[in-house]
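Report on one structure; see the data block that follows.
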Amino acid sequence: MSAADASVKAVRWQDGELYLLDQTLLPDKIVVERQTSATQARESIRQLKVRGAPAIGIAGAYGLVLALRDKVHLDQEHFIKEMRQQADYLEAARPTGVNLRWALRRMVQRGLALTGADPQDIHAELLAEAMRIDAEDRRLCRSIGEAGKPLIKPGMGILTHCNAGWLATSEWGTATAPMYLAHRDGVDFRVYADETRPLLQGARLTAWELLQAGIDVTLICDNMAATMMAQGNIDLVITGADRVAANGDAANKIGTLGVAILARHFHIPFYVAIPYSTIDPDAASGEDIPIEERAPQEVTCWGNHRTAPEAVKVRNPAFDVTPNDLITGIITERGILRSPYNESLRLHYPAGATS
Ligand code: MRU
């Protein structure tokens with residue numbers, strides 16, 4: 001199974017039903033779960049069955065379609081009210097990845113633009129909008145790949161953190177898109193995947209999907225990145241992001257900040273790869289980005305086995321913020337943006353711009 005294999009996708013809408021690949025079971029089992037309600041879709045997002053900023057945006061958009069499926073008999077006013085409530089309900093599933101908010105607000109805007117129409121027709125248009133979001137993400141990932149591919153030179157070692165691959169998007173991924181395209185072009189390079197404690201997205205997901213694609217991937221524990229860099233194995237870092245503020249500060253999976261600091265120490269370029277849907281113009285800097293704090297059990301247990309004493313205090317922030325001055329460039333579908341990001345982001349993404 002690879003990025004080019006359309007049969008398994010993180011999020012799939014088929015014959016009027018929403019299907020999610022349960023990523024908590026990977027790489028042991030490939031289980032695709034039909035979602036029958038908005039409650040189930042929200043829970044799947046919360047539990048990380050579907051995860052990665054663009055993928056949860058797409059799942060949220062289809063989730064709203066599910067939520068309103070049995071509400072089309074309502075009068076117009078009540079249907080619109082229900083649409084707003086269900087969008088808020090789904091948006092609350094995860095706070096950091098802005099793509100969820102972005103997708104749901106886009107859906108609501110589309111619905112509101114049809115005020116006066118029959119709820120049945122609004123619902124049909126909401127499904128069409130969700131499909132547009134899904135298809136657009138595929139194009140965005142491909143363009144990110146084209147923009148980032150020239151950074152990958154023969155013989156390079158590339159470090160990535162968490163999973164910003166096809167499992168986290170509609171296809172190709174963000175951080176991995178340049179890798180997939182360079183690999184397709186026959187460029188010979190190696191990837192080092194941080195395992196990404198506590199939920200091991202690097203080990204379970206990134207290592208798995210790159211192996212499927214035939215890319216040379218080596219798994220390391222998070223605390224081995226410094227040694228890999230010191231030994232000269234790493235020439236380039238590319239990660240994804242969950243939300244990029246107007247000044248270029250980037251929130252991504254916990255541990256990314258440490259990687260960026262190490263990269264600066266070892267003079268290794270550090271890039272963040274994102275589609276425009278990950279930019280939050282309302283967040284002036286990283287301080288405005290809400291950071292999800294998850295259950296302590298993710299830290300105190302290894303799978304189902306408890307590894308820490310019962311009484312210990314735990315912190316479990318799921319994301320951290322890399323300040324813009326540690327970021328060499330932001331790879332987007334519109335090319336690689338450089339510092340000062342306040343200016344380059346504003347120039348390439350004036351308010352309301354879409355791709
Ligand atoms: O908690 P997760 O697994 O949803 O975190 C995912 C990440 O941090 C990814 O790097 C980010 O969403 C970018 S995905 C293209």
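The values are calculated or read from the model by the stated rules, or taken from the named source; none is laboratory data. Predicted model, so just to flag it, every value in this text is computed and none were measured. In this analysis, Cβ positions are derived from the backbone assuming ideal geometry, glycine residues included, and neighbour counts consider all displayed protein chains. The protein model used for the area step is the full one, side chains on, heavy atoms only, and it has no ligands, DNA or RNA in it. Shrake-Rupley method; radii C 1.70, N 1.55, O 1.52, S 1.80 Å.
Restricting the search to the range 71-110, which residues are aliphatic (A, V, I, L, M), part of a loop (DSSP other than H, G, I, E, B) and within 15 Å of the ligand (Cβ to nearest atom)?
Listed by number, the list holds a single entry, Ala93.
With the structure loaded, tell me whether Leu66 is at pLDDT 95 or above, among the aliphatic types (A, V, I, L, M), in a loop (DSSP other than H, G, I, E, B) and away from the ligand (no atom under 16 Å from the Cβ) or whether it fails that test.
Here the answer is no, as Leu66 does not meet what is asked.
Could you say whether any residue in the range 261-271 is of a type in the set (Phe, Trp, Tyr) and closer than 28 Å to Ser143 by Cα?
Yes.
Of these, Glu287, Glu298, which one is within 24 Å of Gly57 (Cβ to Cβ), away from the ligand (no atom under 16 Å from the Cβ) and either in contact with a Ser or Thr (Cβ under 8 Å, 6 or more places away or on another chain) or in a helix (DSSP H, G or I) (or both)?
That would be Glu287, the only listed residue that is within 24 Å of Gly57 (Cβ to Cβ), away from the ligand (no atom under 16 Å from the Cβ) and either in contact with a Ser or Thr (Cβ under 8 Å, 6 or more places away or on another chain) or in a helix (DSSP H, G or I) (or both).
Please note which helices (runs of 4 or more DSSP H) are completely contained in the range 158-277 and include at least 1 residues that are farther than 18 Å from Asn324 by Cβ, touching a Leu at 6+ places or on another chain (Cβ under 7 Å) and open to solvent by 50 Å² or more (accessible area, probe 1.4 Å).
Helices (runs of 4 or more DSSP H) meeting the threshold: none at all.
Regarding Gly145, is this residue within 20 Å of Arg334 (Cβ to Cβ), in contact with a Leu (Cβ under 9 Å, 6 or more places away or on another chain) and open to solvent by less than 10 Å² (accessible area, probe 1.4 Å)?
It is true that Gly145 is within 20 Å of Arg334 (Cβ to Cβ), in contact with a Leu (Cβ under 9 Å, 6 or more places away or on another chain) and open to solvent by less than 10 Å² (accessible area, probe 1.4 Å).
Check off (1) within 16 Å of the ligand (Cβ to nearest atom); (2) modelled with pLDDT under 95 for Leu114 and give me the number that stays unchecked.
Of the numbered conditions (1) within 16 Å of the ligand (Cβ to nearest atom); (2) modelled with pLDDT under 95, the odd one out for Leu114 is (1).
Here's a check for you: in the range 129-142, which residue that is under 17 Å from Met107 (Cβ atoms) and touching a residue at least 12 places away in the same chain (Cβ under 8 Å) is surrounded by the most Cβ atoms within 10 Å (Cβ to Cβ)?
By that ranking, first place goes to Ala130.
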